[in-house]
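Peer 1: The structure follows.
The values are calculated or read from the model by the stated rules, or taken from the named source; none is laboratory data. In this text, all values refer to a predicted model and were calculated from it rather than measured experimentally. Positions of Cβ are generated from backbone atoms using ideal geometry, with glycine treated the same way; all protein chains shown enter the neighbour counts. Side chains are part of the model used for accessible areas, which takes the heavy atoms of the whole protein and leaves out ligands, DNA and RNA. Shrake-Rupley method; radii C 1.70, N 1.55, O 1.52, S 1.80 Å.
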Amino acid sequence: QVQLVESGGGLVQPGGSLRLSCAASGNIFSIDAMGWYRQAPGKQRELVAIINTDGMTRYAEPVKGRFTISRDNAKNTVYLQMNSLEPEDTAVYYCKVDRAKIATWLSPGYDYWGQGTQVTVSS
């Protein structure tokens, strides 16, 4: 089993910045992609950004140029630096790890979600 612990959410004024962190634990052998998703009230959960093991990234169009995703493979941690925040960025942000393997490369890989952290952008 893999546990994901998110931190860094909160209330920020428009134009401000926040940095989200998500640490994965649980005798992890490897993790494929790591990503951030968000869900605003009344809307479906959507991809924000994703990064693979080689550091290749992909961003949703609304956050391009403002958000930066990164990962520390040694710490099994993924980050999301969010700059120039807008009220439309208000949502619960979830991290997700894809195909996480426990203990050995022989184990099957599973996807896991974090519990979510609230980001509110408001004056």
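Peer 1: Name the residues in region 78-123 that are part of a strand (DSSP E or B) and of a type in the set (Asp, Glu), would you?
Peer 2: Correct list: Asp98, Asp111.
Peer 1: Among what's in region 84-98 and is open to solvent by 30 Å² or more (accessible area, probe 1.4 Å) and within 15 Å of the chain's Cα centre (by Cα), pick the residue that is farthest from Ala23 (Cα to Cα).
Peer 2: Selected residue: Thr90.
Peer 1: A further question follows. Could you give me the residue pairs with C-beta distances under 8 Å whose first residue belongs to region 62-84 and is on the phi > 0 side of the Ramachandran plot, whose second residue is in a strand (DSSP E or B) and open to solvent by 30 Å² or more (accessible area, probe 1.4 Å) wherever it lies, and which are 6+ apart or on separate chains?
Peer 2: Partner pairs satisfying both residue conditions: Asn76/Ala23; Asn76/Ser25; Asn76/Ile28.
Peer 1: Considering only region 28-48, state which residues are within 26 Å of Pro108 (Cβ to Cβ) and either open to solvent by 70 Å² or more (accessible area, probe 1.4 Å) or among the small types (Gly, Ala, Ser) (or both).
Peer 2: Phe29, Ser30, Ala33, Gly35, Arg45
Peer 1: Is it the case that Ala33 is farther than 18 Å from Gly114 by Cα and out of contact with any Ser or Thr (no Cβ under 7 Å at 6 or more places or on another chain)?
Peer 2: It is false that Ala33 is farther than 18 Å from Gly114 by Cα and out of contact with any Ser or Thr (no Cβ under 7 Å at 6 or more places or on another chain).
Peer 1: Among Lys75, Lys64, which is among the basic types (Lys, Arg), open to solvent by 60 Å² or more (accessible area, probe 1.4 Å) and within 16 Å of Leu47 (Cα to Cα)?
Peer 2: One residue alone meets the criteria, Lys64.
Peer 1: Residue pairs, Cβ under 8 Å, 6 or more apart or interchain, first in region 16-42 and closer than 15 Å to Thr77 by Cα, second of a type in the set (Phe, Trp, Tyr) and not in a strand (DSSP E or B). List them.
Peer 2: Phe29/Trp105; Ser30/Trp105
Peer 1: Check off (1) modelled with pLDDT of 95 or more; (2) in contact with a Phe, Trp or Tyr (Cβ under 7 Å, 6 or more places away or on another chain) for Ala100 and give me the number that stays unchecked.
Peer 2: Failed condition: (1).
Peer 1: Check Ile50 against each of (1) touching a residue at least 40 places away in the same chain (Cβ under 8 Å); (2) farther than 18 Å from Gln118 by Cβ; (3) not in a loop (DSSP other than H, G, I, E, B) and name the one condition it does not meet.
Peer 2: The one condition Ile50 does not meet is (1).
Peer 1: I'd like the full set of residues that are of a type in the set (A, V, I, L, M) and open to solvent by 30 Å² or more (accessible area, probe 1.4 Å), limited to region 1-17.
Peer 2: Within region 1-17, Val5, Leu11 meet the criteria.
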